[in-house]
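What follows is a set of notes on a single structure, which appears directly below.
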Amino acid sequence: MEPDVRSFLYELEDKNLVKHVSREFSPRYEIAAILKHYDLEFTVIFEKISNFNGKIVGNLCNTREKLSIALNASKSRLHEHLLYALKNPRKPTMKDDAAFLDFSSPPNLSQIPILTYYEKDAGPYITSGVVISRDPDLGFQNMSIHRLLVVDKDTLAIRVVPRHLHHFIKKAEKRNQPLPVCIAIGLHPAILLAAASSPPLGVDELHIANTLLKDKLSVFKCEGTGLIVPANAEYLLEGFLYPTCKVDEGPFVDATGTYDAVRKQPIIKLTGIFHRERPIYQALLPGGSEHRLLMGFHREAAIKEAVSRVVPEVKSVRLTFGGCGWLHAVISIRKVSDGDGKNAILAAFAAHPSLKHVVVVDEDVNVDDLNEVEWALATRFQAEEDLIVIRNARGSSIDPSADQEALITSKMGLDATRPLNKPTQHFMKGKIPISDKVKKFLLGE
Ligand code: MN
């Protein structure tokens with residue numbers, strides 16, 4: 001079976017990680033509210049949507065457990081898995097058929113149950129749309145995730161930040177031409193993870209997805225645009241981006257869970273919509289755990305790699321949920337000399353320019369348990385010695401407390417590793433011996 005949303009859902013069903021909703025709920029707020037309720041646990045399938053002959057899935061890959069199922073790798077090796085794929089992109093297999101060719105129609109976005117998520121959002125937004133584009137001069141492709149506001153039945157507004165797609169748009173603008181784009185919706189999480197990563201310009205994220213999927217990804221060349229896209233997408237939208245034709249985009253809740261500002265952004269005019277039989281429309285809750293996990297994961301991997309170069313051993317790196325999966329890191333290291341904690345802080349800031357606060361802990365502290373991280377701060381940290389504050393650094397555009405125009409922020413690193421010049425026993429957690437009898441009792445035997 002080829003990896004796609006359907007094969008991934010079978011795997012999740014097997015492990016009882018899916019909740020089915022058979023009652024009808026509205027794509028306007030109601031489905032978002034249910035996704036939010038199950039944010040940190042269930043994948044949810046909505047079976048019944050009015051005037052729609054398909055299903056909606058949300059929270060598809062909202063936990064690390066699901067990410068490890070998606071990548072078929074153990075939880076502790078997930079970062080290494082992505083780092084390997086980033087260094088070894090491999091071309092997917094070209095097919096002359098695609099699953100989304102089941103049905104095609106002139107563009108009418110009102111036939112897709114696109115969700116409106118938050119109260120003050122500008123309208124319905126496609127949030128799991130993977131945008132595939134091509135360098136107008138050099139011909140290589142790029143794949144990236146963008147939020148897309150429904151403007152009209154065949155028009156979307158696209159939010160573009162100055163990265164690779166933006167670079168292509170500038171080139172198209174110079175030529176006074178629209179930029180051909182495809183938008184794939186309903187994809188295996190490995191493809192979303194690859195699209196969210198940021199390899200150097202010229203590396204096609206589809207090739208990274210193929211490596212992540214152990215060469216099982218197949219692709220198809222679209223007729224209208226000549227773009228190469230995942231053959232098993234649930235939906236494929238084809239069209240052209242007009243660089244100078246701009247409309248108001250926003251407000252919209254982003255990864256921080258706060259409303260992003262209204263800006264003038266370019267539009268995409270669709271020329272065709274293709275979909276599979278009984279399509280599964282993928283919703284992705286903005287500011288939810290899936291959003292934060294997919295967005296931040298490649299940065300965690302980058303931090304792990306960078307810190308590994310300056311300290312002997314990095315155990316784990318987490319961009320925490322409360323830190324929006326983007327602004328806060330917790331790093332556990334095996335410290336061998338005083339100063340390792342500080343060097344880890346410096347390396348982390350260098351690896352992830354948007355990082356704002358970082359806490360470094362020893363390897364006996366569980367980075368997934370923020371109570372333990374706080375305990376390390378309470379028992380191993382002295383502000384005078386262990387706090388680094390950096391003023392007027394370049395920061396993230398999504399932090400409302402920063403100077404969002406100039407992108408200037410303050411950063412803070414906290415070294416909560418135990419000092420090596422004091423006796424170890426003062427810092428170790430007390431242990432209670434557990435007899436076999438107690439063990440059996442606790443296991444309910
Ligand atoms: Mn790219």
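Assorted remarks:
- Most mobile listed residue (Ile434, Ile333, Ile183) in the chain, GNM with C-alpha springs under 10 Å: Ile434
- Nearest 10 degrees, 0 to 90: helix 78-87 Cα axis against the chain principal axis: 60
- Spin-label model, Arg394/Asn371: points 7 Å from Cα along the beta carbon direction are separated by 4.1 nm.
- Isotropic mean projected area of the C-alpha convex hull, the stretch 1-94 (nm²): 8.1
- Å² per residue, accessible surface of the chain at 1.4 Å: 46
- Applying Stokes-Einstein at 20 °C and 1.002 mPa s to the Kirkwood radius of the stretch 5-277, computed over alpha-carbon pairs, gives a translational diffusion coefficient of 112 µm² s⁻¹.
- Whole-number percent relative contact order across the stretch 361-431, with pairs defined as alpha carbons under 8 Å at least 6 apart: 33
- In whole angstrom, the stretch 304-348 maps to an equivalent ellipsoid with semi-axes of 20, 9, 9, each derived as √(5λ) from the alpha carbon gyration tensor and ordered largest first.
- Separation of the alpha carbons by more than 23 angstrom is noted, of Lys75/Lys304; Lys36/Lys264; Lys87/Lys315; Lys315/Lys356; Lys36/Lys120; Lys66/Lys221, for Lys36/Lys264; Lys66/Lys221.
- Take the Kirkwood radius over Cα pairs of the stretch 290-427, plug it into Stokes-Einstein at 25 °C and 0.890 mPa s, and you get 164 µm²/s for translational diffusion.
- Plainly put, the stretch 89-137 has a radius of gyration that is 1.07 times its Kirkwood radius, both from alpha-carbon atoms, as the Rg/Rh ratio.
- Most fluctuating residue given options His20, His81, His291, as computed from a GNM of the chain linking Cα atoms under 10 Å: His20
- Degrees separating the helix 5-14 axis from the principal Cα axis of the chain, which is the longest one: 40
- Estimated vicinal HN-Hα couplings, Hz - the stretch 233-243 in sequence order (Karplus 6.51, -1.76, 1.60; Gly, Pro = x): 4, 6, 10, 9, 9, 10, x, 9, 8, 9, x
- Karplus-derived 3J(HN,Hα) values for the stretch 337-342, using 6.51 cos²θ - 1.76 cosθ + 1.60 with θ = phi - 60°, are 9, 4, x, 4, x, 5 Hz; glycine and proline are entered as x.
- Looking at the chain alone, DSSP beta bridges between its own residues are antiparallel in about 75 percent of cases.
- Peptides 364-373, 163-172 ranked from most to least packed, by the mean per-residue count of other Cβ atoms within 10 Å: 163-172, 364-373.
- Ordering of 415-425, 379-389 by burial proxy (mean other Cβ atoms within 10 Å per residue, highest first): 415-425, 379-389
- DSSP bridge pairs, the stretch 290-427: antiparallel proportion in percent, nearest 5: 55
- Per the Kirkwood formula applied to alpha carbons, the stretch 1-47 shows a radius of gyration over Rh ratio, Rg over Rh, of 1.02.
- Model label zone, Asp364; criterion: amide N under 15 Å from point 7 Å along Cα-to-beta-carbon; scope the stretch 324-343: 333-336
- Normalised by residue count, the stretch 355-415 yields a Cα convex hull volume of 95 Å³ per residue.
- Annotation: amide H-H contacts under 5 Å for Thr271 (H modelled 1.01 Å from N, sequence separation of 5 or more, or interchain): Glu238, Gly239, Phe240.
- Between the helical axis of 289-308 and the longest alpha-carbon principal axis of the chain there is an angle of about 50 degrees.
- Considering only the Cα atoms of the stretch 193-339, their convex hull presents on average a projected area of 12.4 nm².
- Net charge, Ala402 excluded, C-beta distance under 15 Å - Lys, Arg +1, Asp, Glu -1: -1
- Placing a label point 7 Å from the Cα of Arg309 along the Cα-to-Cβ direction, the residues of the stretch 337-362 whose backbone N falls under 18 Å of that point are 340-355.
- Centroid-to-centroid, using Cα positions, the stretch 212-284 and the stretch 102-171 are 4 Å apart.
- Note on the chain: with neighbouring protein chains present and a 1.4 Å probe, carbon and sulfur make up 51 percent of its accessible heavy-atom surface.
- Helix-only mean residue ellipticity at 222 nm for the chain, each DSSP H run of n ≥ 4 adding -39500 (n - 2.57), per residue, nearest 500: -7500 deg cm²/dmol
The values are calculated or read from the model by the stated rules, or taken from the named source; none is laboratory data. Remember, it's a predicted structure, so these values are computed and weren't measured experimentally. FYI the Cβ positions are ideal-geometry reconstructions off the backbone, even for glycines, and counts take in every protein chain you see. When the accessible area is computed, the model is the full protein with side chains, heavy atoms only, and any ligands, DNA or RNA have been set aside. Shrake-Rupley method; radii C 1.70, N 1.55, O 1.52, S 1.80 Å.
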